[in-house]
Amino acid sequence: MNAAPRCAGADPCALLREDLRDFAGYRSARSEALQGRIWLNANESPWANAGDAEGALRRYPDPQPTALRAALAELYGCAPEELLVGRGSDEGIDLLVRALCRPGADAILVTSPTFGMYAVSARLHGTAVVDVPLRDTVEGFACDFDAVAAAALARPVKLVFLCSPGNPSGTLLPLDGIVALARRLEGRALVVVDEAYLDFAQAPSAVDAIPEQPNLAVLRTLSKAHALAAARIGCVVAAPGLVDALRRCQAPYPLPAACVAQALAALARPARAATAARAGATVREREALAARLAALPGVRRVYPSRANFLLVRFADAQAAFERLLAAGVVVRDMRAAPALGDALRISLGTPAQNAAALAALAGAAA
Ligand SMILES: *Cc1c(COP(=O)(O)O)cnc(C)c1O
């Protein structure tokens, strides 16, 4: 019987829902540490499916595959015990909300405009959302850390979601500001840094600060720079006790074996080098496209971006959107987001795709 580890003091496990602190979760057949030759404990089929020639899918998969956990830990610069692999970082967001927030009582804090899943997970869990909007400055969107700290301390906020680089803001938040915020919220809230786009920022990760400031957690994903969105592989990096607690809240077998195999192939040396080269090329495309867009007459503003997209304000966003669609180019309409009533978000594509988007917009401006 593996009892839930006890946590105390500044340990971030003190932030877990009190009613879940001793929760052991589901004891799957795979989680029992037993040895044997003939496995008759999980009601699996003894025969492979005729469509699964290798029999690779006959058994339930490892809940946290050791090789994948090790490869991701190496990639993100942490120990394997500090990393939980899940079904995309979307699952990490959901697990954090469920494990830390009491429905109907606690709250999360977001800084709009930001990624929509934080509020969706909170809403599904009966958890209030406190918004401290980013400030729109001459340098781009910026986080007001003092306002975030004050709002978090004034309400029962258990989770502060910071997105860096931000989606859709494109802003990279200063690491010292993030760590100082976590220090101010110690014992009160976990500061979660969503680094889905950090591969395009060529900047250090908040992962390095977790050992000294364990009420920090980081989300990473293989969906963007690693081009593996359909495999649904993402992770939470956090203090080991918190990772164990999140694991106990997770579905028994979150990772399909075929996706794990794909992820391992994508993290092998040659593939990783190609991924890094592509991210570098995307960064160069981003800077070139930003400059060309900013020179178009119908463009009001191109925000500086450290991610693989550009947030652009237009004099007539509807006309720009339609002009792009008429050329077969689909971009993200941001006009429903707070403070982005004239904005579109354009993901960086191949050089030819980016040129097509630019040509469509240049035509619209003419
Ligand atoms: C795309 C995105 C994610 C989703 O990641 P998955 O690992 O595919 O679930 C998470 N956070 C942000 C900010 C994103 O833009």
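Just so you know, all these numbers are worked out from the coordinates, no wet-lab data involved. The shown structure was predicted, so the numbers you read here are calculated from the model rather than taken from an experiment. Note that we place each Cβ from the backbone using ideal geometry, even for glycine, and neighbour counts take in every protein chain shown.
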Suppose every K and R has +1 on its Cβ and every D and E has -1 on its Cβ; what is the size of the dipole of the chain about the Cα centre, in Debye to the nearest 20?
440 debye
Do the sum for the chain: with -39,500 (n - 2.57) for every DSSP H run of n ≥ 4, divided by all residues, what is the mean residue ellipticity at 222 nm, to the nearest 500 deg cm²/dmol?
-10500 deg cm²/dmol
Can you tell me which of 168, 80, 204 moves the most in a GNM of the chain? Springs connect C-alpha atoms under 10 Å apart.
204
Can you name the helices of the chain, as whole DSSP H runs, whose Cα span along the helix axis is 18 Å or more and whose Kyte-Doolittle mean is not below -1.0?
88-100, 269-294, 351-365
Which of the listed residues, 70, 179, 270, is farthest toward the dipole's positive end in the chain, when Lys, Arg count +1 and Asp, Glu count -1 at the beta-carbon?
270
Output the Kirkwood hydrodynamic radius of the chain, Cα pairs only, in Å rounded to one decimal.
22.0 Å
Summing Lys, Arg as +1 and Asp, Glu as -1, what charge do residues with Cβ under 14 Å from the Cβ of residue 46 carry, residue 46 excluded?
+1
Would the range 107-242 count as rounded, prolate or oblate if I go by the C-alpha gyration tensor, calling it rounded below 1.5 in a/c and otherwise prolate when a/b exceeds b/c, oblate otherwise?
rounded
What's the FRET efficiency of residue 315 with residue 212 using the Cβ-Cβ distance as r and R₀ = 56 Å, to the nearest 0.05?
0.75
Full-extension gain in nm, residue 147 to residue 105, via 0.36 nm per residue minus C-alpha separation:
13.0 nm
